[in-house]
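Participant: This structure is in structure tokens; I'll ask about it shortly.
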Amino acid sequence: MNIAEIAAYVLSILILVPTAASISRFDQWWVRDFDFPRLQISILILAVLIYSAVSFDFSSIWETIMVVLLALSFLYQSVKIYPYTFFSSKQVKMYRGQEVERQISILVSNVLTTNTRYDKLIQIIIRENPDLVLTLESDKTWEKELQPIEEEYPYTVKIPLKNLYGMHLYSKLELEDIDIKYLISKEIPSIHGKVKLRSGEKINIHCLHPKPPSPSEDDTSTNRDAELLLVGKSIDGDNSTLVFGDLNDVAWSRTTKLFLQLSGLLDPRIGRGFYNTFHAEYPIFRWPLDHVFHSSDFMLLKLKRLEKMGSDHFPMFIKLVYQPENDNANGEFEEPEAEEEEWVEEKIEKGKNSEA
């Protein structure tokens, strides 16, 4: 065995680890974090696959097995990210009508507590003119600096915190039945309630920012998963619903997929692109963490990732039109399997117990 073949074996074994971890149900942070960079992992797998195919002389069955495993691993990763490419069919259809009073636009921005470019975000808000603005990681300082927008956004929900989980909701539209909940952790708030469209119709909203699995935040993904799945169960196919925020999970993870299956919500990015919002400073290491999901009675007018504003996240902007009479125009969502529903219950119970 020459040096090239030894290198091929070593590289192959190393690059198979992320796929093996992703397939597993272990919730340790270092395992679940392999769910995030699927595009990057796919590129590396392909590179190692080509290198191995060239380096091996296939005199050993193990060389064939290794190449087959690499090919299957690449296929697995590709299947996961395929819906978020332009090759996939769009789950949410574009709106072509002239309805105005049923439109609603949302800007979601994880501002990064230590970021001082308050002016940059204010400029973006003025330019994009969204109906709702949700800031995450916003503290008392951010609250004070964003006061100038309150003349245009008279309806507010303010939860300034120093723990990176502060949350502020600013709305031009009337907010009703607002409830600030701490679903899993006493440190992590979420906002739930209704927003009244210009047409007078009321929409359910859920604003989330669960804790991510990481060595500095949470040793496992249990709390994040439990919060998302708990909200998904509470929605359970309800129409007239929007969920938005920094979910600290990627669109293609098992948990987010289950969240969508439980809630019956749709993802407007499917068939349109990744819309990676994190990390703003490192182009090579980017994935979609900030989301806007909606029920099937909405159609899409505009979806875009906005420019950097000093945070490690890009802001996201979306404009939707409420179309309850056309709720069959969009693609359908999958129902969770019985085995997955059992896992959901176990995960929620584990999350609740971890904070008891």
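Participant: Taking Cα centroids, how far is the stretch 1-44 from the stretch 107-177 in Å?
Facilitator: If we compute the Cα centre of each part, the gap is 39 Å.
Participant: Please label the shape of the stretch 133-277 as rounded, prolate or oblate, based on the square roots a ≥ b ≥ c of the eigenvalues of the alpha-carbon gyration tensor (a/c under 1.5 means rounded; beyond that, a/b larger than b/c means prolate, else oblate).
Facilitator: Judged from the Cα gyration tensor, the stretch 133-277 comes out oblate (a/c at least 1.5, b/c at or above a/b).
Participant: Subtracting the Cα-Cα distance from 0.36 nm times the residue separation, let me have the gained length for residue 304 to residue 119 in nm, one decimal.
Facilitator: Extending this stretch completely gives an extra 64.6 nm.
Participant: Of the accessible area of the stretch 225-317, with the probe set at 1.4 angstrom, what percent is carbon plus sulfur?
Facilitator: 54
Participant: Let me ask something additional. Once you order the gyration tensor axes a ≥ b ≥ c over the Cα atoms, which shape class does the stretch 1-119 get: rounded for a/c under 1.5, otherwise prolate or oblate by comparing a/b with b/c? Please list the in-between numbers first.
Facilitator: On the way: a/c = 3.16, a/b = 2.06, b/c = 1.54.
It comes out prolate by the Cα gyration axes.
Participant: Could you work out how far helix 254-263 tilts from the main Cα principal axis of the chain, as a 0 to 90 degree angle to the nearest 10?
Facilitator: Approximately 40 degrees, to the nearest 10.
Participant: For residue 215, what is the net charge nearby, where nearby means another residue's Cβ is under 15 Å from its Cβ and Lys, Arg count +1, Asp, Glu -1?
Facilitator: Values: positive: 32, 211, 224; negative: 27, 33, 217, 218, 219.
Local charge sum for residue 215: -2.
Participant: Could you do me a favour and compute the accessible area per residue for the chain, 1.4 Å probe, result in Å²?
Facilitator: Numbers: 15990 Å² over 356 residues.
Heavy-atom SASA per residue in the chain reads 45 Å².
Participant: List every residue whose amide H lies under 5 Å from the amide H of residue 155, counting only residues 5 or more places away in sequence or on a different chain, with H placed 1.01 Å from N in the peptide plane.
Facilitator: Answer set, sorted by chain and number: 171.
Participant: Can you tally the net charge around residue 155? Count Lys and Arg as +1, Asp and Glu as -1, for every other residue whose Cβ sits under 13 Å from the Cβ of residue 155.
Facilitator: -3
Participant: Can you give the angle from 0 to 90° between the axis of helix 3-23 and the longest principal axis of the chain, with both taken from C-alpha atoms, to the nearest 10?
Facilitator: 40
Participant: Then there's this: Stretch residue 350-residue 156 to full length: gain in nm at 0.36 nm per residue minus the Cα-Cα span? Walk me through the numbers before you get to the answer.
Facilitator: Values: separation 194, 0.36 × 194 = 69.84 nm, distance 3.32 nm.
66.5 nm is the gain from fully extending residue 350 to residue 156.
Participant: Could you calculate the FRET efficiency of residue 4 with residue 85 from 1/(1 + (r/R0)^6), where r is the beta carbon distance between them and R0 is 45 Å, rounded to 0.05?
Facilitator: 0.85
Participant: Which of these, 60, 199, 221, has the largest mean-square fluctuation under a Gaussian network model of the chain (Cα springs below 10 Å)?
Facilitator: Ranking 60, 199, 221 by mean-square fluctuation puts 60 first.
Participant: Here's another thing I want to ask about it. Classify the stretch 123-216 from the C-alpha gyration tensor, please: rounded if a/c falls under 1.5, else prolate or oblate depending on whether a/b exceeds b/c. Please report the intermediate quantities before stating the final value.
Facilitator: Values: a/c = 2.17, a/b = 1.33, b/c = 1.63.
Oblate, since a/c reaches 1.5 and b/c is not below a/b.
Participant: Still on this structure, I have one more. Roll a 1.4 angstrom probe over the protein heavy atoms and tell me the percent of accessible area of the stretch 1-43 that is carbon or sulfur.
Facilitator: 81
Participant: Measure nothing but the geometry: give the 0 to 90° angle between the long axis through the Cα atoms of 61-81 and the longest principal axis through the Cα atoms of the chain, rounded to 10°.
Facilitator: With both axes taken from Cα atoms, the answer is about 10 degrees.
Participant: Among the listed pairs 80/120; 302/347; 144/319, which have their C-alpha atoms separated by more than 32 angstrom in this model?
Facilitator: Details: 80/120 35 Å; 302/347 35 Å; 144/319 27 Å.
The pairs that break the limit, which is 32 Å between Cα atoms, are 80/120; 302/347.
Participant: Next question. What is the distance in Å between the Cα centroid of the stretch 295-356 and that of the stretch 251-270?
Facilitator: Cα centroid to Cα centroid, the span is 5 Å.
Participant: With Kirkwood radius over Cα pairs in Å defined as stated, name the option among (1) 29.4; (2) 23.1; (3) 21.5 computed from the structure displayed.
Facilitator: (3)
Participant: Tell me the label-point distance for the pair residue 182, residue 30, using the 7 Å Cα-to-Cβ offset, in nm and rounded to one decimal.
Facilitator: A separation of 3.2 nm, rounded to one decimal place.
Participant: Run the simple label-point estimate for residue 99 and residue 57 please: 7 Å along Cα→C-beta, distance reported in nm.
Facilitator: Here the answer is 6.8 nm between the modelled labels.
Participant: Within the set 172/257; 172/202; 194/308; 186/211, which residue pairs have Cα atoms separated by over 21 Å? Kindly include the intermediate steps, with their values, before the conclusion.
Facilitator: Working: 172/257 31 Å; 172/202 14 Å; 194/308 30 Å; 186/211 12 Å.
Among 172/257; 172/202; 194/308; 186/211, the Cα-Cα distance tops 21 Å for 172/257; 194/308.
Participant: Same structure again: Taking K and R as +1 and D and E as -1, what net charge do the other residues with C-beta under 14 Å from the C-beta of residue 74 add up to?
Facilitator: +2
Participant: Further, regarding this structure: Taking the Cα atoms of the stretch 200-356 alone, what are Rg (to one decimal) and Dmax (as a whole number) in Å?
Facilitator: Over the stretch 200-356's Cα set, Rg and Dmax evaluate to 15.9, 47 Å.
Participant: Which ³J(HN,Hα) values in Hz, rounded to whole numbers, follow from the phi angles of the stretch 46-51 under the Karplus curve 6.51 cos²θ - 1.76 cosθ + 1.60, where θ = phi - 60° and Gly and Pro get x?
Facilitator: In residue order, the calculated couplings are 4, 5, 5, 4, 5, 4 Hz.
Participant: Have a look at 287, 343, 62 and tell me which one the Gaussian network model of the chain (Cα, springs below 10 Å) gives the largest fluctuation.
Facilitator: It is 62.
Participant: A further question on this structure: Please grab the % of Cα pairs in the stretch 51-168 that end up more than 20 Å from each other.
Facilitator: Considering the stretch 51-168, 64 percent of its Cα-Cα pairs are separated by more than 20 Å.
Participant: If the elastic network links every pair of Cα atoms under 10 Å, which of 248, 163, 239 fluctuates the most in the Gaussian network model of the chain?
Facilitator: So, out of 248, 163, 239, the one fluctuating most is 163.
The values are calculated or read from the model by the stated rules, or taken from the named source; none is laboratory data. Note that the coordinates shown come from a computational prediction; the quantities given were computed from them, not determined experimentally. Every residue, glycine as well, gets a Cβ built from its backbone with ideal geometry; the counts of neighbours run over all protein chains shown. Ligands, DNA and RNA are excluded from the accessible area calculation, which covers all protein heavy atoms including side chains. Shrake-Rupley method; radii C 1.70, N 1.55, O 1.52, S 1.80 Å.
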